[in-house]
Amino acid sequence: MDAFQSVNELIQQMQDKINYLELEIQALKKKTPTQWFSVKESALALAVSEKTIRRKVASGELVSRRVGSRVLVLGDSLLNCSH
């Protein structure tokens, strides 16, 4: 077996492992529960004011939902938020 063939086999093995890990990541994402945070908790997490959180919710920068009179902010959107 020449060196070129050995390298190609290694590349294929690595690609197979990458594909497997991508599938595992997708499965884990499906199992991870969605977390929602209050405006106050969100402000504390980002070290900003509650008013700033409400402004970001109003602009659509943060994903939120209303539960009664409470506004809850999606945790994933906090991770992606620039502050």
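Where a number appears in this text, it was derived from the coordinates with a stated rule and is not lab data. Everything numeric in this text was worked out from a predicted model, so none of it was measured. Cβ: placed from backbone, ideal geometry, glycine included. Neighbour counts: every protein chain shown.
Couplings 3J(HN,Hα) of region 70-79, computed from phi: 8, 9, 10, 10, 5, x, 4, 6, 5, 5 Hz, in residue order, whole Hz [Karplus 6.51 cos²θ - 1.76 cosθ + 1.60, θ = phi - 60°; x for Gly and Pro]. Only the Cβ atoms of Lys and Arg (+1) and of Asp and Glu (-1) were treated as charged; on that basis the dipole of the chain about its Cα centre amounts to roughly 960 debye. Couplings 3J(HN,Hα) for region 11-19, derived from phi with the Karplus relation 6.51 cos²θ - 1.76 cosθ + 1.60 (θ = phi - 60°), are 4, 5, 4, 5, 5, 4, 5, 4, 4 Hz, where x marks Gly and Pro. Less than 5 angstrom separates the built amide H of Ser38 from those of Val73, all sequence-distant by 5 or more or on a different chain. Listed by chain and number, the lysines whose C-alpha is less than 20 Å from the C-alpha of Lys56, apart from same-chain residues fewer than 8 away, are Lys40.
Less than 5 angstrom separates the built amide H of Ser64 from those of Leu74, all sequence-distant by 5 or more or on a different chain. Taking the inverse of the mean 1/r over every pair of distinct Cα atoms in the chain gives a Kirkwood hydrodynamic radius of 15.8 Å.
Computed over the chain, relative contact order equals 26 percent, with contacts defined as Cα pairs under 8 Å that lie 6+ residues apart.
Going by C-beta contacts inside 10 Å, put Phe4, Phe37 in order with the fewest on the left.
Fewest-to-most ranking of Phe4, Phe37: Phe4, Phe37.
Counted by neighbouring Cβ atoms within 10 Å, the residues Leu23, Leu78 run from fewest to most as Leu23, Leu78. Between helix 50-59 and the chain, what is the angle of the helix's C-alpha long axis to the longest principal axis, kept within 0 to 90° and rounded to the nearest 10? Result, in degrees: 70.
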